[in-house]
Amino acid sequence: MHFTVNGQPVDVECDLRTSLLDLLRDHLHLSGTKKGCNQGACGACTVLAEGERINSCLALAVQYEGREITTIEGLGTATALHPLQRAFVEHDGLQCGYCTPGQICSAIGMLREFDRGVPSHVTSILTDEQFALTHDELRERMSGNLCRCGAYNGIVDAITEFHEEAQ
Amino acid sequence: MTPFTYARAASVPDAVQRAGVTGVKYLGGGTNLVDLMRERVERPSALIDVSRLNAAIVERDDGSLMIDAATRNTAIAEHRAVRERYPVLSRAILAGASAQIRNMATLGGNLLQRTRCTYFFDDEGSRCNKRTPGQGCDAVGGFNRNHAILGASPSCVATHPSDMAVALAALDAVVHLNGAGGERTVSINDLHRLPGDRPDIETELAPGELITGVELPARQLYVRSTYRKVRDRSSYAFALVSVAAALEVQDGVVADVRIALGGVAHKPWRAWKAEQTLRGGPATEDAFRAAAQVELADARPLAHNAFKIELAMRTIVAVLNELNGDSA
């Protein structure tokens, strides 16, 4: 199977039963993406496929053959943090850190959705083309990512600051 | 997971030609099927991946909308024509699952996700007629707070989990199919079955038949439509009760109405009786309440879910009041 992962072409031989998550972690040794519930409930495994956030645990790797996958390793490194990673550190958007790679990938995908005008469950006027990224909008849009440490306030602050600075 | 073979369908005819054999399953976004395969509840011998087939939303000259089966849930919810003319559908999709799952899940796959409850997943610990026909149902006498109150049977009390399908039921959507017998269409309200004594058979699809798209009829009625979902937490949870509705009021009289319920039955529950009660009558809260009571008169609660009857009635009234207020 051929993929583009974090900009690099990769060819892997693996069992058809391999999830995209296990392909990344066990075959490509990109252990930044985390396995939490392994059933689509926690969001720790969130990666970007063609720029869209997905749960890599619910995806068979073979379904994403030929696709471009971005993981946390493709966004920033320990010596060159992504601006959103830096904002998470500054705002205490993590405690144990296990959900953080998923939170960051999800937030990047979420902001792309927001910028192209995708409404959410809490959007009051569906036909509006632009919305404000309010506290409620942000929390609803990030509801697929759980944080057992409860660092939500810091996560919201970090994403809000990153979004404001990016604008 | 048990081993399987995999083929990516090049076209609808290619997919249909590969299917129709026992053990072969179509694969959409995989968000339900892959999960069930991992739990060994689903054990397909072959997967035909239809997730890369057409995914367009076409506005037709007659005002109807044709949505290809591989269209992702997010793409439907954000589509301009859906938001303007079928707001109930956008609202329902956005109330379902998480953004990650909505980015993966296809229209066809959402409709064909399994009607399920927690006992269905518990392969090693519980009896389930859906998993093993004739085995018995541990939900009927077990923890059944989330289970069905309408149309259930002693064999199965699970509910259909889709929010999107409840909106489609209210919108009289037409499901386009292709199979060994050729092309045909079926109303969304005839697609899913009630459990009866065969809860393992959930739809009227013939073996190997593929959903190729869903057609939304053009009706002014649908412009004033919405969806309300009641759940245990404010996001990312299945419905205890949900209501999709459209309402047209002229001079204080209900000219036309559509109501469908989620979280209460083995399939999206079209509230035909409530609609019939309302049509031509006054658009008042008392009338909404009376119509809801007519619909819920058939409800049969289990030990832990009797609250759903009153909850469904109140939610119907609240949604119709909201839509009625919009028309004032």
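No lab work stands behind these numbers, since they all come straight from the coordinates. Owing to the predicted nature of the structure, the values given are computational and were not obtained by experimental measurement. Glycine gets a Cβ as well: all are built from the backbone with ideal geometry, and neighbour counts include every protein chain shown.
In table form, for the structure just shown:
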| read-out | value |
| --- | --- |
| Inter-chain Cβ neighbour average for residues A:120-129, partner chain, 10 Å | 5 |
| Proximal aspartates and glutamates to residue B:273, defined as alpha-carbon separation beneath 13 angstrom and excluding residues fewer than eight positions away on the same chain | B:295, B:298 |
| Of A:111, A:125, A:94, farthest towards positive along the dipole that unit charges on Lys, Arg, Asp, Glu beta carbons give the stretch A:83-166 | A:94 |
| Equivalent ellipsoid semi-axes, the stretch B:211-272, via Cα gyration tensor eigenvalues times 5, rooted, Å | 24, 17, 11 |
| Kyte-Doolittle at least -1.0, axis length at least 18 Å by Cα - qualifying DSSP helices, chain B | B:307-327 |
| Inter-label distance for residue A:15 and residue A:116, nm, one decimal - labels placed 7 Å from Cα along Cα-to-Cβ | 3.5 nm |
| Within-12-Å neighbourhood charge of residue B:273 [Cβ basis; K, R +1; D, E -1] | -1 |
| Which listed pairs, of B:25/B:130; A:34/B:308; A:35/B:229; A:34/B:130, have C-alpha distances above 28 Å, in listed order | A:34/B:308; A:35/B:229; A:34/B:130 |
| Low-density loop cleavage sites - GluC sites (Glu not before Pro) in the stretch A:10-79, where at most 12 other Cβ are within 10 Å (DSSP) | A:13, A:50 |
| For residue B:253, residues with placed amide H under 5 Å, excluding near neighbours | B:283 |
| Per-pair calculated FRET efficiency, R0 = 51 Å: residue B:2 and residue A:77 via Cβ, rounded to 0.05 | 0.80 |
| Prolate/oblate/rounded label for the stretch A:19-111 (Cα gyration tensor, a/c 1.5) | prolate |
| Order by protection proxy (mean Cβ within 10 Å, highest first), peptides B:144-151, B:295-302 | B:144-151, B:295-302 |
| Net +/- balance of residues flanking residue B:259 in space, Cβ distance below 14 Å, scoring K and R +1, D and E -1 | +2 |
| Chain B pair-distance distribution - Cα-Cα, 10 Å bins, rounded % | 6, 26, 35, 24, 8, 1, 0 |
| Given charges at beta-carbon only (K, R positive; D, E negative), |dipole| of chain A in Debye | 480 debye |
| Karplus-derived HN-Hα couplings along the stretch B:116-129 (A = 6.51, B = -1.76, C = 1.60, θ = phi - 60°), whole Hz, x at Gly and Pro | 8, 9, 5, 5, 5, 6, 7, 4, 9, x, 10, 8, 8, 5 |
| Spin-label pair residue B:198/residue B:289, simplified geometry with 7 Å Cα→Cβ offset, distance in nm | 4.4 nm |
